[in-house]
Amino acid sequence: MQRGAACFRRGGPRETCVTIRGILFDKDGTLLDFDATWRAFALDLLQALAPDDPALRVRLGEAAGVDAVTGVFRPGSPIVAGATREVAEVWAELLPHLTADALEAEAERRALSAAAAPPAAPVPDLPALLDRLARPADRAARTLGIATHDSEAAAKTHMQRLGALDRFGFVAGYDSGHGLKPGPGMVRAFCAAAGIAPAETVMVGDSLHDLGAGRAAGCAHVIAVLSGPAPAEVLAPQADVVLPDIGALPAWLGDAA
């Protein structure tokens, strides 16, 4: 087998060998445990927007797909899959005294502040796992990247806090100018920056937006993980494989220990 190639059996007896030269990750729910990282942020933001109106907090939470009491996110939550601007526009309809611009700015300010706190990764040692994925023992080196609907600055801050920022050759947020998922823009920008083709790239995420972006760009594989709110039964129809978390990636890719 060619160095750097990995073989997969998909939908039949024949194996197809492809060279995986890039892995693009979603951030929240994929590189980070979504609930553990963002639950407190969501509850604090709802409290700030409606400090004296519990009923309004419930309506704001319902509009954003988060329980205003427990902070638990539902599958498909705009906070999970969407961009800050999308949530701000929904909330502006419920908060006529605030503009979408003002809500977006406040959410971004609080998100950057939250990013400065230690985030929670779904694996014990994220930098070590990323090193293993980027430089597998028996395969050619790979480029790693991030495509998130958080801001680029917040994504970099999160990875810096985890000691993992230098493992990524590409970081794009909703504000980086490549469009939003499930569009292919972020994936194509990653491939262009890395000098690789989408057919040599794997997209890894916890939402249908992530999987759709990989499909739209023509990625070799789209991989779902269960470290976000979406359950396996929602993700499986759109994914090549559903893994418990990114810790299972090396075995699935066939990387040597």
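The values are calculated or read from the model by the stated rules, or taken from the named source; none is laboratory data. From a predicted model like this one, the values you see are computed outputs, not experimental measurements. In this analysis, Cβ positions are derived from the backbone assuming ideal geometry, glycine residues included, and neighbour counts consider all displayed protein chains.
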#### Entry: Residue list for region 17-64, restricted to those being over 22 Å from Ala141 (Cβ atoms) and hydroxyl-bearing (Ser, Thr, Tyr)
Thr37
### Message
I'd like to know if region 123-134 contains one or more residues that are over 15 Å from the mean Cα position of the chain (by Cα) and more than 22 Å from Val225 (Cα to Cα).
### Response
no
### Task
Filter region 30-48 down to the residues that are surrounded by 21 or more Cβ atoms within 10 Å (Cβ to Cβ) and aromatic (Phe, Trp, Tyr), then identify the one that is nearest to Ala64 (Cα to Cα).
Trp38
#### Entry: Residue match in region 192-211 (condition: assigned to a helix (DSSP H, G or I), under 13 Å from the mean Cα position of the chain (by Cα), free of Cβ contacts under 8 Å to residues at least 60 places away in the same chain and surrounded by 23 or more Cβ atoms within 10 Å (Cβ to Cβ))
yes
### Query
So Gln47 fits all but one of (1) free of Cβ contacts under 8 Å to residues at least 12 places away in the same chain; (2) under 21 Å from Val241 (Cβ atoms); what number is the exception?
(2)
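To keep it simple, each residue is scored yes or no on (1) part of a strand (DSSP E or B); (2) in contact with a helix residue (DSSP H, G or I) (Cβ under 7 Å, 6 or more places away or on another chain); (3) not assigned by TED's automatic domain parsing to the domain that holds Leu249.
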site	(1), (2), (3)
Ala140	no, no, no
Leu144	yes, yes, no
Gly163	no, yes, no
Met186	no, yes, no
### Task
Among the residues of region 212-227, write down those that are surrounded by 19 or more Cβ atoms within 10 Å (Cβ to Cβ) and outside any helix (DSSP H, G or I).
Cys219, Ala220, His221, Val222, Ile223, Ala224, Val225, Ser227
### Query
Before we move on, is Arg132 modelled with pLDDT under 95, closer than 28 Å to Ile20 by Cβ and among the charged types (D, E, K, R)?
no
### Task
Of all residues in region 228-240, count the ones that are surrounded by 24 or more Cβ atoms within 10 Å (Cβ to Cβ) and not aliphatic (A, V, I, L, M).
1
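Here is a list: Gly185, Gly179. Which entry is in contact with a Gly (Cβ under 9 Å, 6 or more places away or on another chain) and at positive phi?
Only one candidate passes the filter, namely Gly179.
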### Query
So Gly185 fits all but one of (1) under 18 Å from Gly29 (Cβ atoms); (2) surrounded by fewer than 24 Cβ atoms within 10 Å (Cβ to Cβ); (3) in contact with a His (Cβ under 7 Å, 6 or more places away or on another chain); what number is the exception?
(1)
### Query
Within region 74-119, which helices (runs of 4 or more DSSP H) (wholly inside it) include 1 or more residues that are surrounded by fewer than 14 Cβ atoms within 10 Å (Cβ to Cβ)?
84-94, 100-115
### Summary
Of (1) within 17 Å of the chain's Cα centre (by Cα); (2) among the charged types (D, E, K, R); (3) more than 23 Å from Ala36 (Cα to Cα), Glu86 fails just (3)
### Message
Just to check your reading of the model, which residue among Asp44, Asp33, Asp26 is more than 28 Å from Ala192 (Cβ to Cβ) and at pLDDT 90 or above?
### Response
Asp44
### Query
Consider Gly65 against the criteria (1) within 18 Å of Arg39 (Cα to Cα); (2) touching a residue at least 60 places away in the same chain (Cβ under 8 Å); (3) small (Gly, Ala, Ser): it satisfies all of them except one. Which criterion is unmet?
(2)
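The rows are residues; the columns are (1) aromatic (Phe, Trp, Tyr); (2) modelled with pLDDT of 95 or more; (3) touching a Ser or Thr at 6+ places or on another chain (Cβ under 6 Å).
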position	(1), (2), (3)
Ala193	no, yes, no
Thr201	no, yes, no
Ala217	no, yes, no
Val222	no, yes, no
Val225	no, yes, yes
Ala230	no, no, yes
Gln238	no, yes, no
Val242	no, yes, no
Asp255	no, no, no
